[in-house]
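Inspection log for the structure reproduced underneath, given as structure tokens.
The values are calculated or read from the model by the stated rules, or taken from the named source; none is laboratory data. All of these numbers come straight from a predicted model, not from anything done at the bench. As a convention, Cβ positions derive from the backbone with ideal geometry for all residues, glycine included, and neighbour counts pool all protein chains shown. The accessibility values were calculated without ligands, DNA or RNA, using every heavy atom of the protein model including side chains. Shrake-Rupley method; radii C 1.70, N 1.55, O 1.52, S 1.80 Å.
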Amino acid sequence: MMTASRIPGLLESLPKSRGRTQANAPLAPFTWFRAGGSAEVLVRPADAEDIAAFLHALPNEVPVHVIGACSNLIVRDGGLSGVTIRLARGFSTITVEADGIIAGAAALDVTVAEHAAAAGLTGLEFLSGIPGSIGGAVAMNAGAYGGDIASVLDWAEVVTRTGEQRRLATAQLAFAYRHSALPAGAVVTRVRLRATAGAPALIATRMAEIKATREASQPVRARTGGSTFRNPDGMKAWELIDAAGCRGLVRGGAMVSEKHTNFLINTGNATAADIEGLGEEVRRRVLAATGVTLEWEIRRIGLPAGKPEIVP
């Protein structure tokens, strides 16, 4: 099995962080799939200033990966070389304002929705149906149940790869479907989301509807990574996958969900290669059956255990 190439003496040469630094850190326990390799060095910064100082002093040639809740992520079995930054406790603060929410990038989407609901603020209920954290939601313009980040974001604070702290307005992020134009290597640290005063009973009803719909249609209690593929224009990925006969398809310890075919599941002992390989097999079959090439929505990072599988 290949592993990510290591940088001699990396740990000893890294800038100091006020947070926690760990060498050869297993990442599978953080991912919702519970699969994948290790980080050469995992850094959990204390706050945005800590990230800024660390990145400013970090040589440009050192690779940097950023992870959050890891809900929509495959870390390949060979692991991640260089530095992996994980935002955790110091980035989970949520502040309620009269017309919105300020949230740290590590705050879970559902937790932000719950804080808004408790304050009688409407417009953020859709977040209760999106797995993951706010930072990742901004990076991919997460959306579901009639809402998306682009429609509610006022600003996002980021730290660039060179250590500069910046506040970016929505227009500067050029949001598109499941995409935002963050500066290369930037780390989202904090955001402000707009909301308006609403009737608490109606907000609670809407969130209950979203929860019921999600539980009825998605494998929410399985080891999964959320929606696997983007919906092609005017089409539903799950319908294409179903039409190609992929419902219940198995590869190693990975399986296409019987409940929702745009979800892959770790049935218990899947490797990251099993999961990604199954996804590529689904893409092959959908292309052959329908002529449509599905695009991954799940991020895949790191070095695979073997030769990656590519659909032409």
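Scanning for something in contact with a helix residue (DSSP H, G or I) (Cβ under 9 Å, 6 or more places away or on another chain) and closer than 23 Å to Trp296 by Cβ, does the range 6-24 turn up at least one residue?
no
Hey, does the range 2-19 have a residue that's closer than 24 Å to Arg190 by Cβ, open to solvent by 10 Å² or more (accessible area, probe 1.4 Å), outside any loop (DSSP other than H, G, I, E, B) and touching a Lys or Arg at 6+ places or on another chain (Cβ under 8 Å)?
For the range 2-19, residues closer than 24 Å to Arg190 by Cβ, open to solvent by 10 Å² or more (accessible area, probe 1.4 Å), outside any loop (DSSP other than H, G, I, E, B) and touching a Lys or Arg at 6+ places or on another chain (Cβ under 8 Å): absent.
Any residue in the range 29-54 that's at positive phi: show its pairings with residues that are assigned to a helix (DSSP H, G or I) and open to solvent by less than 10 Å² (accessible area, probe 1.4 Å) at Cβ separation under 7 Å, as long as the two are six or more apart or on different chains.
Cβ pairs passing all conditions: Gly36/Ala272.
Could you tell me which numbered condition Glu276 fails, if it satisfies all but one of (1) farther than 25 Å from Ala28 by Cβ; (2) touching a Pro at 6+ places or on another chain (Cβ under 8 Å)?
Single failed check for Glu276: (1).
Collect the residues in the range 253-301 that are among the small types (Gly, Ala, Ser) and closer than 15 Å to Arg34 by Cα, keeping them in residue-number order.
Initial filter on the range 253-301 (among the small types (Gly, Ala, Ser)): 253-254, 257, 268, 270, 272-273, 277, 279, 288-289, 291.
Selection gives Gly253, Ala254, Gly268, Ala270, Ala272, Ala273.
For (1) of a type in the set (Lys, Arg); (2) open to solvent by 10 Å² or more (accessible area, probe 1.4 Å); (3) modelled with pLDDT of 95 or more; (4) more than 21 Å from Glu276 (Cβ to Cβ), each residue gets a yes or a no:
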| residue | (1), (2), (3), (4) |
| --- | --- |
| Ile51 | no, no, yes, yes |
| Asn72 | no, yes, no, no |
| Ile85 | no, no, yes, yes |
| Asp99 | no, yes, yes, yes |
| Gly104 | no, no, yes, yes |
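Scan the range 92-104 and report the pairs whose first residue is without any contact (Cβ under 8 Å) to a residue 12 or more places away in the chain and farther than 13 Å from Asp154 by Cα and whose second residue is open to solvent by less than 30 Å² (accessible area, probe 1.4 Å) and of a type in the set (Val, Ile, Thr), with Cβ atoms within less than 6 Å and a gap of 6+ or a chain change.
Thr95/Ile102
Report, ordered by the first and then the second residue, all pairs with beta carbons closer than 8 Å, sequence separation of six or more or different chains, a first member in the range 153-181 that is open to solvent by 10 Å² or more (accessible area, probe 1.4 Å), and a second member that is among the aromatic types (Phe, Trp, Tyr).
Every condition considered, the pairs that remain are Gly163/Phe54; Arg167/Trp155; Ala169/Trp155; Thr170/Trp155; Ala181/Phe175.
Can you tell me which of Thr267, Thr205, Thr224, Thr228 is out of contact with any strand residue (DSSP E or B) (no Cβ under 9 Å at 6 or more places or on another chain) and of a type in the set (S, T, N, Q)?
On inspection, the qualifying residue turns out to be Thr205.
Whether any residue in the range 56-72 is in a loop (DSSP other than H, G, I, E, B) and touching a His at 6+ places or on another chain (Cβ under 9 Å) is what I want to check.
Within the range 56-72, the first condition is being in a loop (DSSP other than H, G, I, E, B), and the residues that meet it are 58-63, 68-72.
From the residues that got through so far, the ones that are touching a His at 6+ places or on another chain (Cβ under 9 Å) too are none.
Taking every residue of the range 56-72 in turn, none turns out to be in a loop (DSSP other than H, G, I, E, B) and touching a His at 6+ places or on another chain (Cβ under 9 Å).
Return the pairs, sorted by first residue and then second, in which the second residue is assigned to a helix (DSSP H, G or I) and open to solvent by 20 Å² or more (accessible area, probe 1.4 Å), the first residue lies in the range 110-130 and is at positive phi, the beta carbons are less than 9 Å apart, and the residues are 6+ apart or on different chains.
That search, which allows pairs on different chains as well, returns Gly120/Pro200; Gly123/Ser151.
For the range 72-86, what are the residues that are under 20 Å from Pro45 (Cβ atoms) and of a type in the set (Gly, Ala, Ser)?
Residues of the range 72-86 under 20 Å from Pro45 (Cβ atoms): 73, 75, 80-86.
Once the filter is applied, which keeps residues that are under 20 Å from Pro45 (Cβ atoms) and of a type in the set (Gly, Ala, Ser), the range 72-86 yields Ser81, Gly82.
Kindly indicate whether any position in the range 32-46 is of a type in the set (Phe, Trp, Tyr), surrounded by 22 or more Cβ atoms within 10 Å (Cβ to Cβ) and closer than 24 Å to Gly253 by Cβ.
Here is the first cut: in the range 32-46, the residues of a type in the set (Phe, Trp, Tyr) are 32-33.
In the following step, the residues that additionally are surrounded by 22 or more Cβ atoms within 10 Å (Cβ to Cβ) were identified as 33.
Next, from what is left, pick out any that are closer than 24 Å to Gly253 by Cβ: 33.
Yes - at least one qualifying residue is present in the range 32-46.
For (1) modelled with pLDDT under 95; (2) closer than 20 Å to Asp148 by Cα; (3) open to solvent by 30 Å² or more (accessible area, probe 1.4 Å); (4) in contact with a Lys or Arg (Cβ under 7 Å, 6 or more places away or on another chain), each residue gets a yes or a no:
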position	(1), (2), (3), (4)
Arg192	no, yes, no, no
Ile203	no, yes, no, no
Gly225	yes, yes, no, no
Ala244	no, no, no, yes
Gly253	no, no, no, no
Glu276	no, no, no, yes
Leu287	no, no, yes, no
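Are any residues in the range 131-146 open to solvent by less than 20 Å² (accessible area, probe 1.4 Å) and under 16 Å from Thr111 (Cβ atoms), and if so, which ones? Spell out how you get there, then give the answer.
First, the residues of the range 131-146 that are open to solvent by less than 20 Å² (accessible area, probe 1.4 Å): 132-135, 137-138, 141-143.
The answer is Gly132, Ser133, Ile134, Gly135, Ala137, Val138, Ala142.
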